[in-house]
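The values are calculated or read from the model by the stated rules, or taken from the named source; none is laboratory data. All values derive from a computational prediction rather than experimental measurement. As a convention, Cβ positions derive from the backbone with ideal geometry for all residues, glycine included, and neighbour counts pool all protein chains shown. With ligands, DNA and RNA removed, areas are computed over all heavy atoms of the protein, side chains included. Shrake-Rupley method; radii C 1.70, N 1.55, O 1.52, S 1.80 Å.
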Amino acid sequence: MASALLSKTTADWCVNLLCPRYPSPPPILSHPPTLLLTWRPFRYFFYTKRLSTFLAMDGSKAGPLKELPLGIDATTEEEYASQSKLLQEFTSISSIDKGWIFKSDSGIGSQAMFSISQPNLLANKRKKFILSSHISRESNNSVNFQWAPFPVEMTGVSVIVPSPSGAKLLVVRNPENESPCQFEIWGRAQVEKEFHIPQSVHGSVYADGWFQGISWNSDETLIAYVAEEPSPSKPTFTGQGYKKGSSTEKDFGNWKGQGDWKEEWGETYAGKRQPALFVININSGEAQAVKGIEKSLSVGQVVWAPPVRGSHQYLVFVGWSEGTRKLGIKYCFNRPCALYVVRAPNFESEADGPELKDNSTEDVPVVNLTQSINSAFYPRFSPDGKFLSFLSARSSVDSGAHSATDSLHRIDWPIDGLLSSSAKIVDVVPVVMCAEDGSFPGLYWSSFLSNPWLSDGCTMIITSIWGSCQVILSVNVLSGEVIRISPTDSNSSWSVLTLDGDNIIAVSSSPVDVPHIKYGYLVDKESKSTAWSWLNVPSPTNECSEKVKSLLASLQFSIMKIPLRDVSDSVTKGAAKPIEAIFVSSKTKRNDPFDPLIVILHGGPHSVSLSSFSKSLAFLSSIGFNLFIVNYRGSLGFGEEALQSLLGKVGSQDVNDVLVAIDHVIDLGLASPSKLAVLGGSHGGFLTTHLIGQAPDKFVAAAARNPVCNLALMVGTTDIPDWIYVEAYGSEGKNSFTDAPSAEHLTLFQSKSPIAHVSKVKTPTLFLLGAQDLRVPVSTGLQYARAMKEKGVPVKIIVFPNDTHAIERPQSDFESFLNIGVWFKKYLS
């Protein structure tokens, strides 16, 4: 055998010589070349080919190897090679995740710290870094960022939270097994304290952005946080049978039973225990569970209430009651929740402080502050502690839509800190039903900083959605005035990172521009002008390869308004308004009159495709495809009437909106009807598989990531069966939902599903499925793909065994979009 001619050293030398850009492969290369095929990811497919070529050049009798990796043929291998190299350049672009501001030691300017991340394909994880900068304002309204030479990797870090003064930094490292959870308190130059909290106290700290809540108290001695409750005691068995007095401790000579099964919160929360509330004293390292909270309540988003001298300290948190069962909560704002206030634990060290008004050790009842409203989350106290602001998704809860238009509210906080469940809730920003053209469309997926306040104490700076753009808003919580302060003449998307006093550090990007840091300030504070000026900030985070820069510079994008056709007189005014689509194209004409067009459809359906940078979509744009990203009715950012119009009409109204949009772009002369492909995930995959069935001659190729293909099959296995009832029946489906669907229910679900049209499908389709998906279980995509195979329609299926709904593990995301690019090239070139 040819490979026997090579020693391990020679083989390694050959590979390094022929593939110098890649790290040395493992010792498996000393074995026959066919074994090379088992080594991933795709860039290593080329070792076998190049090694066999080298052997041939060396005069051996062995010819080129015939065996290729599964799913790759000789015609597509070169496409894999070239596309994978380019996709890696896009994948390596870093993301800017968070920012913090600290006072400068000199008192001049300020210090900024940014959290950035980058996929690590070899490790199949995301690397996290901290990048620091000194900020100084110049007299000529310019700003200077002096960046640290290099970022610092935060290996094994789950979450970091600075103290209010900026003098301390909490670093949490969650264990990957049954080890203790690690808390570190950092000072300016060293780790000052380190505590290991055993599993008998609590499990991992929640760092998911939803249940997650970590809050320092005002004197920076206590930290409240949300973590998994301790592991429940399970029955123990020995060789003689059941052992009395079961515990959570491990012991030789026995084994643990499973005990009772407990409900979980669905997608991404599989295997995670109930979120519970804890407080740690950073002087002693003692961690205590907060008492008085019902076991049926899942907690999150905790903040400290303003301190009252001589009184106990209190915590405000969000609570979700599980009811008869837990339904999936990820992206589901329709789960009822409320704000609660509870007394914080007393620690021995507090005994030296002011005498408490009530020294009772009895549990104090938890008070529901928002009984009159069925949704309340993201609590934020004003700087002076006089009121508490929060968001509400009551439109989602009332209608059953998994996400809808939010509203903003306020509770005036009493000076003595004693509140009751009868506290008055003030409406600050109501739900917008139908916005006039160019006007504020309402709050959507709004995100709050831990400290979102300007110095006036009543103006919040928040990020929200406005049509197809993400924007920055200022909201006066006393007057209710809402102002769009990110540039109104920009079609890019903007997001707040942090506040530098009354100035804003933000990030801006577009489908053709990588994320850039921006610095915003009021043009004239004295005149109370609402005009903001935005400065570009040169930053290492803006960097990408010269090839990527050149490719992005050759692209352009616009946001189109597309009139609807044949609108019924019975629809609301908001539901009759034009929809939007983002069109990404080359600035110059290529060889053919029309570039192939990929129609891209978001999931949800009550989500939105934003005019922000996506590495995956920028990659597709750069290999010769125009993109047409459609925000059909039901999308966020266009008013509540347009959103609610889709309920009960999935598979028809959303499908027709997409077909109208495609006809519109063809009529404008921007696309050829013979060069269309369609790509979507989740509900976007629902639309993708519907479109290739309802319009079987329209698309040359399709790709679907975890598509919803059969609602009747999915209803018994998904973590959100209520979603199926609401989208199929409308809001009344919320009351019809049952875990035992009737034959009538199943018949309707089947009729509204893509599987009802699969017999008409002709379009070659790529299916990308996550085997651990609890939201859209893998069976629904496999059933549809197998039905296509029965008819002889070309199908390619890739199942990622360890991925959930998002297919976001770095290697899986890479392989997914690499195959999408190759699949579309195969059929559209």
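The table below gives the values:
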item: Positive dipole terminus of the chain, leading residue within Pro538, Phe211, Gly385 (C-beta point charges); result: Pro538
item: Heavy-atom accessible area per residue - the range 697-829, 1.4 Å, Å²; result: 37
item: Relative contact order, percent, the range 683-760 [alpha-carbon distance under 8 Å, six or more residues apart]; result: 39
item: Value of relative contact order over the chain, rounded to a whole percent, pairs C-alpha under 8 Å and six or more apart; result: 8
item: Accessible surface of the chain, 1.4 Å probe, proportion on carbon and sulfur as whole %; result: 52
item: Spacing of the two label points (7 Å from each Cα toward its C-beta) at Glu194 and Phe237, in nm; result: 4.1
item: Residue (of Gly71, Ile807, Leu478) at the positive-pole extreme of the chain, dipole from beta-carbon charges; result: Gly71
item: Sum of -39500 (n - 2.57) over DSSP H runs of 4+, divided by residues of the chain (222 nm, nearest 500); result: -5500 deg cm²/dmol
item: Accessible solvent surface per residue of the range 522-636, calculated while the other protein chains remain in place, 1.4 angstrom probe, Å²; result: 44
item: Dipole in debye (nearest 20) - the chain, about Cα centre, beta carbon charges: Lys, Arg +1; Asp, Glu -1; result: 2380
item: Proximal aspartates and glutamates relative to Lys549, as straight alpha-carbon distance under 20 Å, when same-chain residues fewer than 8 apart are discounted; result: Glu89, Asp513
item: Largest-first ordering by accessible area, 1.4 Å probe, given options Ile415, Ile755; result: Ile415, Ile755
item: Extreme residue, positive dipole direction of the range 653-734, given options Ala671, Leu659, Leu711 (C-beta unit charges); result: Ala671
item: Partners for Lys424 among lysines (Cα-Cα distance below 23 Å; same-chain residues under 8 apart left out); result: Lys386
item: Which of Glu436, Glu176 is most accessible, then next, and so on - probe 1.4 Å; result: Glu176, Glu436
item: Under 17 Å from Lys295, Cα to Cα: lysines that are on another chain or at least 8 residues apart; result: Lys262, Lys272, Lys326
item: Surface/4 of the Cα convex hull for the chain, nm²; result: 41.5
item: The range 435-510 - accessible surface per residue (Å², probe 1.4 Å); result: 32
item: Rounded to the nearest 10 Å², the accessible area of Glu138 at probe 1.4 Å; result: 80
item: With DNA, RNA and ligands ignored, accessible area of Phe381 (1.4 Å probe; Å², nearest 10); result: 30
item: Within the range 486-623: Cβ-based charge dipole about Cα centre, in debye rounded to nearest 20 (Lys, Arg +1; Asp, Glu -1); result: 280
item: Entries in Lys85/Lys698; Lys85/Lys826; Lys789/Lys825 that, when Cα-Cα distance is taken, lie over 24 Å; result: Lys85/Lys698
item: Over the range 61-215, relative contact order from alpha-carbon pairs under 8 Å, at least 6 apart, %; result: 11
